Every structure is written in C-alpha cells, then in structure tokens.
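J.: Encoded as structure tokens, here's the structure I'll be asking about.
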Amino acid sequence: MSDLQSLVPPGPALILRDGERTVLAEQALEGLVRAEAYRHTTTMYCRQAIADIFADDGERIDQILHGEIFDVLEYRGDRAFGRARRDGIVGWVALEHLDKGAPLATRRVASVSAKLPLNALVTEAVEGVEDHDLQPVGDFEQEPVAVAERLLGRPHALGARSSVETDCSGLVQQALLACGLPGPRRSHAQADLGRAVSREEAARGDLVIWKTMTTDTSWTGHSAIMVDADQVIHATDIHGGVVIEALSDVETRLVADGFESAIFRRL
C-alpha cells in the first residue's frame, strides 16, 4: 500500500461518480483521490424505525436503523447520497427518513418485539418502546448465536438487516452488534473476523462464510453461525427466513450453486 493510500479514511470512500467521472468526493479525500470537487459531509440520523439504502440503480443494498448516523455528501431531489456510519455502506436514502444532527444515544433496543428494531439507538422515550425493551449503551448480550436464535422465523429479504426482516449477512451483523462486537455488513468482511478454525474444530458460536466466486455483484457470499457441531442458523431465501439447518445441507447446496466451500471463524 502506498503512503497516500494508507491515509484514505477507513471504509468505502464517499465518492459520487457520473460514468467514469468522479464529480464529487468527501473533503477528507482531497489530495488522495482525484475529483472535480470536494465537500464536507453533513451529519444526519435515521428518524424512522428503519430506512432503506439504495444503489444508483435502485437496488436496496442496506438499511439504517433508528438513531444511526448517515453522513450526507450530496442532495438530489428527495434523496440524500452518503455513507452509513455504523457499517460503512454508501448509497441513497430518502430525505424524509433523515433528520439533521447526531444525537448521542444513551440506550439501545435489546428486544426483538419492540416498535423499534433490535440495536436501534435512542436518546429519549419512544412511543411503543418500553423501558424493559431497552438496555444502556455498552450493556451487551453475551452470545451472538443466542441473539440470532431469537430471530428464528423472521422473513428473509435481500438488503435488509433488522429484526423485522433480514438477509444472511444482516442476521450475523445484528447478532454481533447486539454483543458489542464488530459487525461488518458484507460476508467477505465477516470472513476476516476472529481467527480461522477447521471444520473439525467448528463449534457453537463460530461464524461460517461461503464466499462468492464472482465479483459482478454487491453480495459477496453467504453467512451463518454455528448452532452446534452440525447445524447452522442463517437467513435464506430457500426457506424464506431465519432457520436452523444442517451444515452439510447448506454446504452441498451452496457449492453446487458456485460458492466457495465454507470457512469457519472463531471470534
């Protein structure tokens, strides 16, 4: 890595392109990335329970939860272009779902049945959210797989990452965040967490990742968590939601679909 590259802010660069042209970049990239203009970001936060993040082509690629920060670089009509601060995904959010500022959250939603989703951030009382639904920020769960098990039966939806509906990496991310652990959004980044273990060593709580062999998609693999030595919990469109399934069945299906064989990571 060059000296200049090492100075680029961590996470995806906040850059707005028009075809091959980089028309706008965040101020922190000036001198590091060539662009036609540079601008400071505006800090905003999600005022809804959940707000979708879309790619340029309209595909939903992520979500932000109530209280999460979205750093905005550009406004176009009723949309804002920026980066979700909690997991680094860059895209477009409807302005009606955002408000200016960055309220310092004092509590997080610890329930999977409250009006706000698990891991949403709050600073004050919210209608429909009781005190028993909340925990102080910094008071975390102990076991990611136990968190994931509370979401059994929740619908699978590509691009979703909440206790209402979720995709595979979103389920793993939310389980990790609930335990105060790093929660990357994409499977390939989750595959870098912790340390590698063998299939024979894999046990409850270990992450299981099947990486894709292609690079032409925003989805970088399939993620799951070991429930025991032989089963995983994951969100899958095959079964329509969050399920517990035999590891061998998932491995056979995904490898047949062109994924790499599973890797196992212990946190």
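J.: Please give me the summed charge of the neighbours of ARG47: other residues whose Cβ is under 9 Å from its Cβ, Lys and Arg +1, Asp and Glu -1.
T.: -2
J.: Another question, then. Please work out whether the stretch 176-251 counts as rounded, prolate or oblate from its C-alpha gyration tensor, where a ≥ b ≥ c are the square roots of the eigenvalues and a/c under 1.5 means rounded, while otherwise a/b larger than b/c means prolate and anything else oblate?
T.: Rounded is the answer for the stretch 176-251, as its axis ratio a/c remains below 1.5.
J.: Rounded to the nearest 10 degrees, what's the angle between the helix 168-178 long axis and the longest principal axis of the chain, both from Cα atoms, 0 to 90?
T.: With both axes taken from Cα atoms, the answer is about 80 degrees.
J.: Related question: As a test of understanding, state the convex hull volume per residue of the stretch 17-165 from its alpha carbons, in Å³.
T.: So the per-residue hull volume is 137 Å³.
J.: Kindly express, to the nearest 10 degrees and within the range 0 to 90, the angle between helix 247-256's C-alpha long axis and the longest C-alpha principal axis of the chain.
T.: Between the helix axis and the principal axis of the chain, the angle is about 60 degrees.
J.: Here's another thing I want to ask about it. Give the residue from HIS156, GLN190, GLN142 lying farthest towards the positive end of the charge dipole for the stretch 125-212; charges sit on Cβ (+1 for Lys and Arg, -1 for Asp and Glu) and the dipole is referred to the Cα centre.
T.: GLN190
J.: Name the residue farthest towards the positive end of the dipole of the stretch 96-231 from the options VAL126, VAL208, LEU177, assuming +1 on Cβ of Lys and Arg, -1 on Cβ of Asp and Glu, about the Cα centre.
T.: Most positive-ward Cα: VAL208.
J.: Take the Cα gyration tensor of the stretch 140-266, multiply each eigenvalue by 5, square-root it, and list the three semi-axes largest first, rounded to whole angstrom.
T.: 18, 17, 15
J.: State to the nearest 20 debye the size of the charge dipole of the chain about its Cα centre, where the only charges are +1 on K and R beta carbons and -1 on D and E beta carbons.
T.: Computed charge dipole of the chain: roughly 440 debye.
J.: Could you tell me which GluC sites (Glu not before Pro) in the stretch 71-127 are loop residues by DSSP with no more than 15 other beta carbons within 10 angstrom of their beta carbon?
T.: Listed in order of number, the matching sites are GLU124, GLU127.
J.: Continuing with the same structure: Taking the simple approach of a point 7 Å from Cα along Cα-to-Cβ for both ASP18 and ARG195, what is their distance in nm?
T.: Here the modelled spin labels are 5.2 nm apart.
J.: Where the only charges are on Cβ atoms (+1 Lys, Arg; -1 Asp, Glu), what is the dipole of the stretch 3-100 about its Cα centre, to the nearest 20 debye?
T.: That gives the stretch 3-100 a dipole magnitude of about 200 debye.
J.: Next question, about the same structure. Could you derive backbone 3J(HN,Hα) for the stretch 37-46 from the dihedral phi with the Karplus parameters 6.51, -1.76 and 1.60 (θ = phi - 60°), listing whole Hz in sequence and x where the residue is Gly or Pro?
T.: Result, rounded to whole Hz: 7, 10, 8, 5, 7, 9, 7, 9, 9, 7.
Any read-out appearing in this document is the output of simple, stated calculations on the displayed coordinates, not a laboratory observation. Because the structure is predicted, anything quoted here is derived from the model rather than measured. Cβ: placed from backbone, ideal geometry, glycine included. Neighbour counts: every protein chain shown.
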